[in-house]
Structure formats: C-alpha cells, structure tokens
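Shown next, in structure tokens, is the structure this report addresses.
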Amino acid sequence: MKYRGIQRFFRHIISTPWSVGNHFSKTAMHNIEMAIKQSEKTHMGEIRFVVEANLHPLEIMAGKTPRKRALELFSQLGIWDTEHNTGVLLYLLLADRDIEIVADRGIHQHVGNAGWGVICKEIEKQFRHGAFEAGTLFGINQITQRLQQHFSSDGCVGKNELPDKPLVL
C-alpha cells in the first residue's frame, strides 16, 4: 500500500514544519490567502487550506492515511459547521505529497468523491513538477467553480465563517 513502509516513516521524520517554507514562500501563502478571500466573495461556501509537514511517528506506524488525517482536521477545525454546509478543506500532507479534499454534505452531494478526485490528481501532478503555489491556486479555483455553480452568492457577500489564512501544522 502507498502509505506503509520504512521509506514513508523516514520521509515523515525528516519533514518538519520548517520544510513547508521550502515549498511555500511567505508570498505564496499570502497569494493563497488572497485567492481564498476573493473566492469566498463569489459563493456561499468556505474554503480552508491546511498544509501539514508530517505525521507523528506513531501515526505512521499505525498506518494513518492522509485521508484519515484530513477527516480529523475537517472535524477539529469546524469546517463541517458552516451555515450552508458548504465548507471545503484542501489538505496537503507534505511528507507524502498527498492532497485531500474533504467537503461538507451541502457541496459534496453535488460534486462527489469522483469530482474531488479529479481535482486532487491535477494538483498532485503540479506538485510533482514543483509547482506548489500554482497547484494550490488551481485547486482553490476548481473548488471555487463548484461552489459558484451550486451555491452562488448572487452578489451578496455572506459572513466569513472560517479563517482564510493557510494553516501550517
């Protein structure tokens, strides 16, 4: 399986929160925050970008997948608790170079696992070429399009329920 083995264990050991800066400059993080802020002016959804450098060694040995961690964060960060059930988590586990999208039931019923999977594959493709900022901005744009299609704001800007600033763990 993709998420087992000694190689994965060591990738997580050497990946630290400081290594996030090797892939995302301060300017890149600012651009991502601004993209989320602009996006949320066009629909009734909420987007949260979280990048985590690594998992704890015990979590690796237990075989925790990026998907399971994304689901935990979706809950812990209250992304599921938006007014219109349209919260979307864009989660990157840097040590695995794995992107996960977890969406609340309001938007997920329209897009589904297959729809989110297509977006994730394209983001991961860009990451493989070292385009972390571009890949993330692409993902935000794709999520924005889905939210606009199904939960357009019709010109009314709702309250900002979740932070727009990327979270680095």
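The values are calculated or read from the model by the stated rules, or taken from the named source; none is laboratory data. These figures come from a predicted structure and were not determined experimentally. All Cβ positions, even for glycine, are placed from backbone atoms using ideal geometry, and neighbour counts span all protein chains on display. Remember, those area values only see protein heavy atoms, side chains included, never the ligands or the DNA or RNA. Shrake-Rupley method; radii C 1.70, N 1.55, O 1.52, S 1.80 Å.
Once segment 33-44 is narrowed to residues that are over 20 Å from Phe127 (Cβ atoms) and in contact with a Phe, Trp or Tyr (Cβ under 7 Å, 6 or more places away or on another chain), the residue that is most open to solvent (accessible area, probe 1.4 Å) is Met44. Picking from residues in segment 23-32 that are in contact (Cβ under 8 Å) with a residue 60 or more places away in the chain and not aliphatic (A, V, I, L, M), the one that is least open to solvent (accessible area, probe 1.4 Å) is Phe24. Taking (1) open to solvent by 60 Å² or more (accessible area, probe 1.4 Å); (2) in contact with a Ser or Thr (Cβ under 8 Å, 6 or more places away or on another chain); (3) under 13 Å from Val102 (Cβ atoms) in turn, Ser75 satisfies each apart from (2). Within segment 33-60, residues that are farther than 29 Å from Ser152 by Cβ sit with their Cβ atoms under 7 Å from residues that are buried (at least 21 other Cβ atoms within 10 Å of the Cβ) and among the small types (Gly, Ala, Ser), at 6+ positions apart or across chains, in these pairs: Ala53/Ala95; Asn54/Ala95. Of the residues Gln148, Gln109, the single one that is open to solvent by 30 Å² or more (accessible area, probe 1.4 Å), over 19 Å from Glu52 (Cβ atoms), in contact (Cβ under 8 Å) with a residue 60 or more places away in the chain and assigned to a helix (DSSP H, G or I) is Gln148.
Identification of helices (runs of 4 or more DSSP H) wholly contained in segment 1-104 with 1 or more residues that are in contact with a strand residue (DSSP E or B) (Cβ under 7 Å, 6 or more places away or on another chain), of a type in the set (Lys, Arg) and modelled with pLDDT of 95 or more yields 66-76. Only a single criterion out of (1) charged (D, E, K, R); (2) open to solvent by 50 Å² or more (accessible area, probe 1.4 Å); (3) touching a Pro at 6+ places or on another chain (Cβ under 8 Å) is not satisfied by Asp96, namely (2).
Just wondering, is there one or more residues in segment 120-139 that are over 20 Å from His23 (Cα atoms) and outside any loop (DSSP other than H, G, I, E, B)? Steps first, please.
Taking segment 120-139 as the starting set, the residues that turn out to be over 20 Å from His23 (Cα atoms) are none.
Within segment 120-139 (the criterion being over 20 Å from His23 (Cα atoms) and outside any loop (DSSP other than H, G, I, E, B)), the answer is no, since none of the residues qualifies.
Given the residues Asp154, Asp164, which is the only one that is among the charged types (D, E, K, R), assigned to a loop (DSSP other than H, G, I, E, B) and open to solvent by less than 60 Å² (accessible area, probe 1.4 Å)?
From the options Asp154, Asp164, the qualifying one is Asp164.
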